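Take a look at the structure set out below.
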Amino acid sequence: MQVERASNRGVRLRNRSALLTRLFLEGPLTRQDLSRRTGLSQPAVSNVVSDLIDDGIVEEAGALESDGGRPSMMLRVDPGFAVVAGVDVGETRVRVELFDLGLRRLAEHDHPIEPGGTPPEAVAGHILTGLDAVAAGREVLGAGVGVSGIVQQRPEGALVHAQTLGWDAVPLEALLRAGTRVPLHLENGAKTLGQAEMWFGAGRGHRHAVFALLGSGVGAAVVTGGTTYRGASSSAGEWGHTTLVYGGRPCRCGSAGCLEAYAGAAAILARFRERSGRPAPGGDEESRLTALAAAAAAGEPDARAILDETADYLGAGVANLVNLFNPELVVLGGWAALALEDLLPRVRASAARHALRQPFAQTRIELGRLGLDAVALGAATLPIARLLTGGGVGPPAA
């Protein structure tokens, strides 16, 4: 009898999770829609939906117009049920944003990072300050943190290995837990960007895609069969540290000829300075790259030459992704990709020259659709994903 009750609880939890996930990603939906899309019977859907409404996580969202008979009621996840935080730990700033369950941004807090170093303790302090600022006394369901480098998940807390930052097995989760009770979820920033674009952006409806994050450095998330590919220890996706030029430019990782040494924002600006003998104008890396793009658009020869060359390098790197993973879609996101969006046609042309014809013909190359918020938005989906998987029952596990 006890086994039967446990089995029934498990079935009900799975049903709650299936319905909540559909409502979150595809809602508003009717009960009939939910039955068709999940394969559950209409009585089962009605029973579970009643529970979810009683729990406050699902609400009615108006009646669907009918040609006759009783109108169907639309349902959605209640945006006001909880708030979640998303953190983008970049090399130029720490951005903390607060969202409701409709992923409407409620508050944000930015802290620029001074060039020349990002000590883990300082970064943790910026994150904690930002969480306090955006929460403003509200209870936060969970906070996702997207960070550069490899995120090694462990029961005692995630470690971050970010070779280009000089971070070697940094216990970032422990540093954060010492200053907050908010449940934490740490992940590589390219992977959080990829999840956001898969759920809400350019990747929606695709099963095989690669999402590139272009900023100071370069990273990627590989999605195959609808699931992010992580590799043996979650380090898959370090696209920026694949070798593009044998014996080429030194890379921050300690190797040479990496894609990041040619296509990362820091490297682009360094190559311009070497070619022109002067730095790009601006107070920080983001403003300097924006100024460089404007100069190239105005026809300044050195700027134009560097950015054309950058597009060619990026295209060759994308061709490697096409040949290796045969994706339906390659998405270029991150602040540097947005600053260099005019390069996209040349990136596509370079990829076409370097990729095998058959897989390239099946691939689209696009810019991300979620703008500068993509990493933070994707990070905020981490506690939401835990809530959906758990059927909305109890607090998400830390």
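The values are calculated or read from the model by the stated rules, or taken from the named source; none is laboratory data. Since this is a predicted model, take the numbers as computed values, not measurements. So basically every Cβ, Gly included, is an ideal-geometry build from the backbone, and we count neighbours across all protein chains shown. Only protein heavy atoms, including side chains, enter the accessible area calculation; ligands, DNA and RNA are left aside. Shrake-Rupley method; radii C 1.70, N 1.55, O 1.52, S 1.80 Å.
Observations on the model:
- Over the chain, relative contact order from alpha-carbon pairs under 8 Å, at least 6 apart, %: 17
- Accessible surface of Leu106 - all protein chains present, 1.4 Å probe, nearest 10 Å²: 60
- For the stretch 262-290 and the stretch 83-118, distance of Cα centres in Å: 24
- The stretch 337-398 and the stretch 294-326 have Cα centres spaced 19 Å apart.
- FRET efficiency estimate (nearest 0.05) - Cβ-Cβ, Gln152 to Asn323, R0 35 angstrom: 0.75
- The stretch 281-398: relative contact order in percent, alpha carbon pairs under 8 Å with at least 6 residues between: 25
- With 0.36 nm allotted per residue and the present C-alpha distance subtracted, the Val11-Ala122 stretch has 35.4 nm of extension available.
- Under a Gaussian network description of the chain, with springs only between Cα atoms under 10 Å, the residue in Asn188, Asn323, Asn47 that fluctuates furthest is Asn47.
- In the chain, the longest principal axis of the Cα atoms and the axis of helix 265-276 are about 20 degrees apart.
- Between Gly333, Gly27, Gly62, the GNM of the chain built on Cα springs shorter than 10 angstrom shows Gly62 fluctuating the most.
- Residue by residue, the stretch 183-189 carries 3J(HN,Hα) couplings of x, 10, 9, 9, 7, 4, x Hz when phi is fed to the Karplus relation 6.51 cos²θ - 1.76 cosθ + 1.60 (θ = phi - 60°); x denotes Gly or Pro.
- Heavy-atom surface of the chain, accessible at 1.4 Å and reported per residue (Å²): 46
- Counting only trypsin sites (Lys or Arg not before Pro) that DSSP places in a loop and that have at most 14 other Cβ atoms within 10 Å, the longest clean stretch of the chain runs over 208-398.
- Alpha-carbon radius of gyration plus Dmax, which is the widest Cα pair, for the chain in Å: 22.8, 80
- For Asp78, the residues whose modelled amide H falls within less than 5 Å of its own, excluding neighbours fewer than 5 places apart on the same chain, are Val58, Glu59.
- Based on Cα contacts under 8 Å between residues 6+ apart, the stretch 19-64 shows a relative contact order of 29 percent.
- In order along the stretch 43-51, phi translates into HN-Hα couplings of x, 5, 4, 4, 5, 5, 4, 4, 4 Hz, rounded to whole numbers, per the Karplus curve 6.51 cos²θ - 1.76 cosθ + 1.60 with θ = phi - 60° and x for Gly and Pro.
- Max-minus-min Cα coordinates of the stretch 162-312 on each principal axis give 50, 39, 31 Å, with the largest extent listed first.
- Anisotropy class of the stretch 251-325 from Cα gyration tensor, a/c 1.5 cut: prolate
- Carbon plus sulfur fraction of accessible area for the chain, probe 1.4 Å, in percent: 51
- For the stretch 98-216, projected area of the alpha-carbon convex hull averaged over all directions, nm²: 8.4
- Cut-off under 5 Å, modelled amide H: who pairs with Thr30 long-range: Leu75
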